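Every read-out reported here was derived from the displayed coordinates using simple, explicitly stated rules and does not represent laboratory data. Bear in mind that the values here come from a model prediction, so they are computed numbers and not experimental data. As a convention, Cβ positions derive from the backbone with ideal geometry for all residues, glycine included, and neighbour counts pool all protein chains shown.
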Amino acid sequence: MACKLQRVPDTSEYQVPTGTRLVLVTKDHIGQVLISKAEYAGQQLVPPGMAKNRIEFDVVAGAKALTMVVVFSASINGRGELREDADPDSQFLIDLPGGEPFQLLRITGK
């Protein structure tokens, strides 16, 4: 299965057909990197009190933001990345630096 997200030229945004199921994962570089909160289109993707390295959701129509809080075992020295997981492929989406726990990814469902 190939990656589904396509970068919109000259922006940091992505587009994908509405209804597509996305699987996003963290990849560790320095320490462990986990998502402690994630919200997309009003849906909480991580249960309270948990932290995960994988989130899944269905893309809705229109431009929406995926907002995340990322935690690092190596504190502000931690480093990782967010990737789209589409076995056997994987696509880099954004850097996850330890000093910036709040992250946003814009996704447009078309």
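So, with +1 on the Cβ of K and R and -1 on the Cβ of D and E, and no other charges, what is the size of the charge dipole of the chain about its Cα centre, to the nearest 20 debye? Mind showing how you got there, number by number?
On the way: 12 positive and 13 negative charges, 35 e Å.
Using Cβ point charges on Lys, Arg, Asp and Glu, the chain gives about 180 debye.
Given the options G42, G78, G99, which has the most mean-square fluctuation in a GNM of the chain, springs set between C-alpha atoms less than 10 angstrom apart?
Its mean-square fluctuation being the largest, the pick is G42.
If the range 14-95 were replaced by its equivalent ellipsoid, with semi-axes equal to the square roots of 5 times the Cα gyration tensor eigenvalues, what would those be, largest first, whole Å?
Equivalent ellipsoid of the range 14-95: 22, 15, 10 Å, largest first.
Could you pull out every residue, at least 5 positions away or on a different chain, whose amide H is within less than 5 Å of the one on E13? Hs are placed 1.01 Å off N in the peptide plane, and Pro or chain starts have none.
Close amide H contacts, sequence-distant or interchain: V8.
Can you pull out the GluC sites (Glu not before Pro) in the range 5-92 that DSSP calls coil and that have at most 16 other Cβ atoms within 10 Å?
For GluC sites (Glu not before Pro) across the range 5-92 that sit outside H, G, I, E and B with at most 16 neighbouring Cβ atoms in 10 Å, the list reads E13.
State the answer as a single residue: which of S12, F57, I35 lies farthest towards the positive end of the charge dipole of the chain, with beta carbon charges of +1 for Lys and Arg and -1 for Asp and Glu, about the Cα centre.
F57
What relative contact order, as a whole-number percentage, does the chain give when Cα pairs under 8 Å and 6 or more residues apart are counted?
34 percent
Over 19 Å between Cα atoms, which of K4/K110; K37/K110; K27/K52; K4/K37; K4/K64 qualify?
Long pairs (Cα-Cα over 19 Å): K37/K110; K4/K37.
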